[in-house]
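Reviewing the structure listed below.
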Amino acid sequence: MDRSRKVYTAPMEKQNSILVLAAGSLGDSLLTLPALRLLQSRSSVTVAGTSPYLSLGGKLLGITEVIPLDPLLQVLFSKTPLSSKDQTFLTRFKEIFIFFKDKDESILEKLASLSGIQVHFPAKPFTEFLEEGRWVAEYWLETAFACPLPPNCPFRQAKLLIDEPLKEKGRELLKSLNLAFPLVIHPGSGSPDKNAPLPFFRNAAERAVNESQKQVLVTWGEAEEKNLGIIREAFAGLKDVVVLPKTLALQDLAGVFSQSAAYLGNDSGVTQLASACGLRTFAVFQSTDAGIWGPQEAIILAAMKNLYA
């Protein structure tokens with residue numbers, strides 16, 4: 001079977017619904033969550049997304065479904081006109097929202113050939129928006145709503161929808177590590193410049209155990225895998241501190257977060273995930289602006305040197 005055609009399986013009841021094209025890392029994906037939930041409140045939302053969207057899935061994101069973005073982009077970037085099959089798929093949607101940081105005129109041109117569909121791009125370039133110093137999620141919210149939303153808008157606080165089976169799986173995963181309601185520490189990120197020193201996190205783990213009688217789970221992912229030995233060494237010998245033995249799928253990690261006491265990490269997608277799970281989140285911002293890139297409800301520890309003593 002032609003893999004590029006797997007995307008075109010939306011059921012007929014998806015007519016007059018919303019299609020969102022969205023690309024980005026885990027952190028970028030979660031910063032679109034408020035806008036996705038706003039759109040879902042209006043109609044059924046299908047996201048054609050990158051790997052993080054696919055890993056989280058529609059149920060957890062609180063939208064109707066997630067499909068792969070790449071096959072659809074192959075169609076839209078092709079120099080040939082849309083086939084009848086492509087048109088049939090796209091015209092099942094009343095509106096299409098493009099959640100890309102860079103506007104692509106070739107996509108606009110291809111979608112303009114479709115009648116009866118409203119296509120929405122962000123009103124201004126992403127680089128221009130960043131100069132305003134506002135929270136990135138507002139860029140996508142304003143793309144979805146076409147005007148600023150009031151500060152008390154409930155969609156600003158959108159969280160992942162974690163059901164009871166996923167919470168139970170989180171409890172089972174923690175139990176398998178002999179942990180219950182731990183502090184979760186994620187000492188890495190996608191960029192070394194964003195990372196607080198490992199001794200800071202070790203000190204935080206020791207204090208959690210000695211002063212708060214909390215167990216500690218140290219997590220890591222692909223970005224930290226090459227430095228896993230250094231991470232394990234940094235936390236070696238600490239009582240009630242467990243370094244995750246292997247990486248977890250994003251859904252499983254969300255389940256663990258739902259059953260944890262608090263979270264401490266750098267500016268990273270995992271920190272965005274912890275906050276989106278409703279976990280009390282402490283985020284260390286060193287080289288980036290927390291007001292722009294931070295989770296909505298995190299407690300920001302912004303480059304304070306005394307933290308590393």
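In table form, for the structure just shown:
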| quantity | calculated |
| --- | --- |
| Test result for residue 205, at negative phi and surrounded by 15 or more Cβ atoms within 10 Å (Cβ to Cβ) | yes |
| Filtered residues of the range 179-202 (kept if closer than 16 Å to residue 241 by Cβ and exposed (fewer than 15 other Cβ atoms within 10 Å of the Cβ)) | 180, 181, 199 |
| Qualifying residue in the range 162-169 (condition: aliphatic (A, V, I, L, M), outside any loop (DSSP other than H, G, I, E, B), under 18 Å from the mean Cα position of the chain (by Cα) and surrounded by 17 or more Cβ atoms within 10 Å (Cβ to Cβ)) | yes |
| Filter result for residue 108 (over 23 Å from residue 276 (Cα atoms), part of a helix (DSSP H, G or I) and free of Cβ contacts under 8 Å to residues at least 40 places away in the same chain) | yes |
| Residues that are within 24 Å of residue 181 (Cα to Cα), touching a Ser or Thr at 6+ places or on another chain (Cβ under 9 Å) and among the small types (Gly, Ala, Ser), drawn from the range 197-234 | 221 |
| Subset of the range 111-133 (residues that are in a helix (DSSP H, G or I) and either of a type in the set (A, V, I, L, M) or modelled with pLDDT under 85 (or both)) | 111, 112, 130 |
| Residues that are out of contact with any strand residue (DSSP E or B) (no Cβ under 8 Å at 6 or more places or on another chain) and either within 18 Å of residue 141 (Cβ to Cβ) or loosely packed, with under 15 Cβ neighbours inside 10 Å (or both), drawn from the range 88-103 | 88, 91, 101, 102, 103 |
| Qualifying position, being over 23 Å from residue 293 (Cα atoms) and either under 23 Å from the mean Cα position of the chain (by Cα) or of a type in the set (D, E, K, R) (or both), among 172, 138, 131, 142 | 172 |
| Any hit, the range 162-170, residues being under 18 Å from residue 241 (Cα atoms) and in contact with a helix residue (DSSP H, G or I) (Cβ under 9 Å, 6 or more places away or on another chain) | yes |
| Residue satisfying condition, being in contact with a Pro (Cβ under 8 Å, 6 or more places away or on another chain) and surrounded by 15 or more Cβ atoms within 10 Å (Cβ to Cβ), within set 141, 82, 111, 130 | 141 |
| Residues that are in a loop (DSSP other than H, G, I, E, B), of a type outside the set (A, V, I, L, M, F, W, C) and under 22 Å from residue 135 (Cβ atoms), drawn from the range 43-75 | 50, 62 |
| Matching helices (runs of 4 or more DSSP H) fully within the range 212-309 where at least 3 residues are buried (at least 17 other Cβ atoms within 10 Å of the Cβ) | 250-258, 269-276, 290-293 |
| Among the residues listed as 148, 154, the single one being touching an Asp or Glu at 6+ places or on another chain (Cβ under 8 Å), under 26 Å from residue 275 (Cβ atoms) and not aromatic (Phe, Trp, Tyr) | 148 |
| Index of the failed condition, residue 98 passing every other in (1) part of a loop (DSSP other than H, G, I, E, B); (2) touching a residue at least 60 places away in the same chain (Cβ under 8 Å) | (1) |
| Residue within the range 171-178 that is modelled with pLDDT under 95 and surrounded by fewer than 17 Cβ atoms within 10 Å (Cβ to Cβ) present | no |
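Condition check ((1) acidic (Asp, Glu); (2) farther than 28 Å from residue 31 by Cα; (3) touching a Pro at 6+ places or on another chain (Cβ under 9 Å); (4) free of Cβ contacts under 8 Å to residues at least 24 places away in the same chain) across all residues:
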| site | (1), (2), (3), (4) |
| --- | --- |
| 217 | no, no, yes, no |
| 222 | yes, no, no, no |
| 239 | no, yes, no, no |
| 255 | no, no, yes, no |
| 258 | no, no, no, no |
| 269 | no, no, yes, no |
| 284 | no, no, no, no |
| 295 | no, no, no, no |
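The values are calculated or read from the model by the stated rules, or taken from the named source; none is laboratory data. Just so you know, these numbers come straight off a predicted model, no measurement behind them. So basically every Cβ, Gly included, is an ideal-geometry build from the backbone, and we count neighbours across all protein chains shown.
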